Every structure is written in structure tokens, then in C-alpha cells.
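Heads up, the thing below is written out as C-alpha cells.
Only the coordinates and a few stated rules stand behind these numbers; no lab work does. The model shown is predicted, which means the values in this text are computed figures rather than measured ones. Positions of Cβ are generated from backbone atoms using ideal geometry, with glycine treated the same way; all protein chains shown enter the neighbour counts.
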Amino acid sequence: MNAGLACVDGVEILMDYLEGTLPKADREAVEAHVSGCPRCVAFVESYRQTPRILRAATAATLPEDLAQSLRRFLASRR
Amino acid sequence: MTVPAADEGDEALAARAAAGAEPAFEELVARYQARVYRLACRLSADEGEAKDVLQETFLAAYRGLPAFRGDSRFSTWLYRIATNAALMHRRARTRRPTESLEAFLPRFDAGGVHAAEPADLLAASRADEILDRKLLAEKARAGLDRLPDIYRDAFVLRDLEELTTAEVAETLGIDAAAVRQRVHRARLMLRGYLSDLVGVKP
């Protein structure tokens, strides 16, 4: 199977590929396709960067007044 | 009463806190309050809700500590409490209708080839270089709100909080394959969303 894997098939199993849960034959088919496909190289790169960008952009910091009100809240209920 | 040492392990602190050592519990709060708040913000509708989740999480942890057996790590246990608290809040409120992110999924031609050119396919990875930081923070938050809840929860825990797939599965009570499937869908949608933010069709 997997001869002539298309971009759409690779995208479908990309997460499993990156997590290392694909059978060897499928893994090799993905690698064979991507290595010869500039579109997939670009797609995989943007797919991999997406979590990093969202992680940095949604990293809320705890305001000091909220940390204090948490302490007061917990103290009042113990 | 023993003062908690900075290098004392979470599980040892948890055991002492369960036995009534208040400073041990306070040290656990100090260690995890920022992380629990960050998680709460990522799963909640707004800061007010995140604050409630933060308080409820540590209160539930305090009360639940005697039952903490150490079968999982303290952090995993605490994350589960926080996630459940956030999900309870969500169930209690009316969900605002949001526009789906389905339109941002990748497109293929009839032969299964990516419809976009390589330069456009890559555009999402430069969203943080191109967009103003404050704007990106607002849009990122809006993007999370637009994800279907089940994708959001898996994505937040796996990719934003960086739990392992097994830990996410344990926290959400689903199997690892379902975690991977949900995280994958979320990544695809958000990747296209970032692409759209920088003015490129995904």
C-alpha cells in the first residue's frame, strides 16, 4: 500500500507520524512523499509551528492581586 | 512543623499537606497557582471565570488531598481538578455562537495535492513575526473560542500546557487515539486561522 501517497493522505496521518505511532511502512511512505514535495515541507513546518505560536500568545500571567485574593479565599475556607 | 524546602517533591508535600501541614499546602499553591491560572484562562470564557476556576481548583485540591494516593503525579491530579472545574463552568453557561474554523482547513485539488503554493502554505509559521504581539494575543484567544470544545480541551492540554498524550487521555477520560485525532483537527484549524490572520488563504 501507500505507493503514490498524496498530500491529503499525508496530512490525514501527520499527527500520528509526529507522535511516532504509525507502522513502519506508513512512516516511510510519509517520508518518501514529503521529501519530494515542497508543498508538504511547507505545510508540515507551519503545522509544527502552530502550537508554539498559540502557546506564546495565550500565556496569561497571574496578576499579583489575584494571587493575594486566592490566599485570602483559601484561608477563609480552611 | 517542618518548613517546606524548595527541593521537596510535590508528592512529599502533598502527603504532608494531607496530614494537616498548612505550610506544605501553601507551598503547593505557590508552585502551581500560575500554571493553574494559565490553564484556566485557556479553557475559560473570560478572566472572571478563570479566577473562579483558580479558586475552586485549589479548594477542591485541599479538600481532596487526603484521597490523593499518588497513583499519578500531583501535577496531573491537580490539572485534572482544574480541567474539570473549567468544564463545569462551561456547562453552566450559555455558549455564545461563534463562527466555525472549518473554513480554515487545508484545501486540496482533485488529485489530493495541496491547493496552495509552498510560500503560502508556510505563511502561518510567521504569524508571530508579522503580527503585533498584542493583536496576536487577542486573536489567539478568539481562535481558541472558535474551536469546538472537545478540540479546544485536547489542544490546550496537549499543545499549550504540554502534557503528554497519555496524560491528556487520563485527564479527559478518552483514549490516546481520540486525543491525537482532536489535537490534529485543532492544529489544522488554527494553522489555517493563523494563515488567514496574515492575509494568506490557508
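Residues in region B:107-129 that are among the basic types (K, R) and either over 17 Å from A:T50 (Cα atoms) or more than 30 Å from the chain's Cα centre (by Cα) (or both): B:R107 alone. Taken over region A:3-23, residues that are surrounded by 15 or more Cβ atoms within 10 Å (Cβ to Cβ), not small (G, A, S) and not in a helix (DSSP H, G or I) amount to 4.
How about region A:26-61: which of its residues are out of contact with any Asp or Glu (no Cβ under 9 Å at 6 or more places or on another chain), among the acidic types (D, E) and more than 10 Å from chain B (Cβ to nearest Cβ)? Selection gives A:E28, A:E31. Here's a check for you: in region B:138-182, which residue that is surrounded by fewer than 20 Cβ atoms within 10 Å (Cβ to Cβ) and among the aliphatic types (A, V, I, L, M) is nearest to B:P97 (Cα to Cα)? Among those that are surrounded by fewer than 20 Cβ atoms within 10 Å (Cβ to Cβ) and among the aliphatic types (A, V, I, L, M), it is B:A142.
Might you let me know whether region B:160-177 holds any residue that is farther than 21 Å from A:L14 by Cα, at the interface with chain A (Cβ under 9 Å from one of its Cβ atoms), in contact with a Ser or Thr (Cβ under 9 Å, 6 or more places away or on another chain) and aliphatic (A, V, I, L, M)? No, region B:160-177 contains no residue that is farther than 21 Å from A:L14 by Cα, at the interface with chain A (Cβ under 9 Å from one of its Cβ atoms), in contact with a Ser or Thr (Cβ under 9 Å, 6 or more places away or on another chain) and aliphatic (A, V, I, L, M).
How many of the residues making up region A:62-77 are more than 7 Å from chain B (Cβ to nearest Cβ) and either touching a residue at least 60 places away in the same chain (Cβ under 8 Å) or assigned to a loop (DSSP other than H, G, I, E, B) (or both)?
To start, the set of residues in region A:62-77 that are more than 7 Å from chain B (Cβ to nearest Cβ) comprises A:63-65, A:68-69, A:71-72, A:75-76.
Then drop every residue that is not either touching a residue at least 60 places away in the same chain (Cβ under 8 Å) or assigned to a loop (DSSP other than H, G, I, E, B) (or both), which leaves A:63.
Total satisfying the criteria: 1.
Pairing each residue of region A:2-23 that is over 20 Å from B:T164 (Cβ atoms) with any residue that is surrounded by fewer than 16 Cβ atoms within 10 Å (Cβ to Cβ) and not β-branched (V, I, T), provided the two are 6+ apart or on different chains, yields C-beta distances under 6 Å for A:A6/B:G112; A:C7/B:G112; A:V8/B:G112.
Taking the residues in region B:157-195 that are without any contact (Cβ under 8 Å) to a residue 60 or more places away in the chain and not in a helix (DSSP H, G or I) as candidates, determine which candidate is nearest to B:D128 (Cα to Cα).
To start, the set of residues in region B:157-195 that are without any contact (Cβ under 8 Å) to a residue 60 or more places away in the chain comprises B:158-159, B:162, B:164-166, B:168-169, B:173-187.
Now narrow it down to the ones that are not in a helix (DSSP H, G or I): B:162, B:164, B:173-175.
Working: B:E162: 19, B:T164: 25, B:G173: 33, B:I174: 32, B:D175: 33 Å.
Ranking the candidates gives B:E162 first.
Results for (1) basic (K, R); (2) crowded, with 24+ Cβ neighbours inside 10 Å; (3) more than 9 Å from chain A (Cβ to nearest Cβ); (4) part of a helix (DSSP H, G or I), shown as yes or no for each residue.
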position	(1), (2), (3), (4)
B:V29	no, no, no, yes
B:R42	yes, yes, no, yes
B:A45	no, no, yes, no
B:Q55	no, no, no, yes
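Would a scan of region B:57-76 turn up a residue that is in a helix (DSSP H, G or I), surrounded by 12 or more Cβ atoms within 10 Å (Cβ to Cβ), of a type outside the set (V, I, T) and touching a Ser or Thr at 6+ places or on another chain (Cβ under 7 Å)? No; the residues of region B:57-76 include none that is in a helix (DSSP H, G or I), surrounded by 12 or more Cβ atoms within 10 Å (Cβ to Cβ), of a type outside the set (V, I, T) and touching a Ser or Thr at 6+ places or on another chain (Cβ under 7 Å).
Matching residues to (1) more than 7 Å from chain A (Cβ to nearest Cβ); (2) surrounded by 13 or more Cβ atoms within 10 Å (Cβ to Cβ); (3) under 15 Å from B:R187 (Cα atoms):
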position: B:T98; (1), (2), (3): yes, no, no
position: B:L101; (1), (2), (3): yes, yes, yes
position: B:G111; (1), (2), (3): no, no, no
position: B:A115; (1), (2), (3): yes, yes, no
position: B:P118; (1), (2), (3): no, yes, no
position: B:L122; (1), (2), (3): no, yes, yes
position: B:S125; (1), (2), (3): no, yes, yes
position: B:L136; (1), (2), (3): no, yes, no
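For region B:152-169, the condition holds for at least one residue, the condition being that it is of a type in the set (D, E) and farther than 19 Å from A:R48 by Cα. Residues in region A:24-73 that are touching a Cys at 6+ places or on another chain (Cβ under 8 Å) and closer than 14 Å to A:G10 by Cα were compared, and the one that is surrounded by the most Cβ atoms within 10 Å (Cβ to Cβ) is A:F43.
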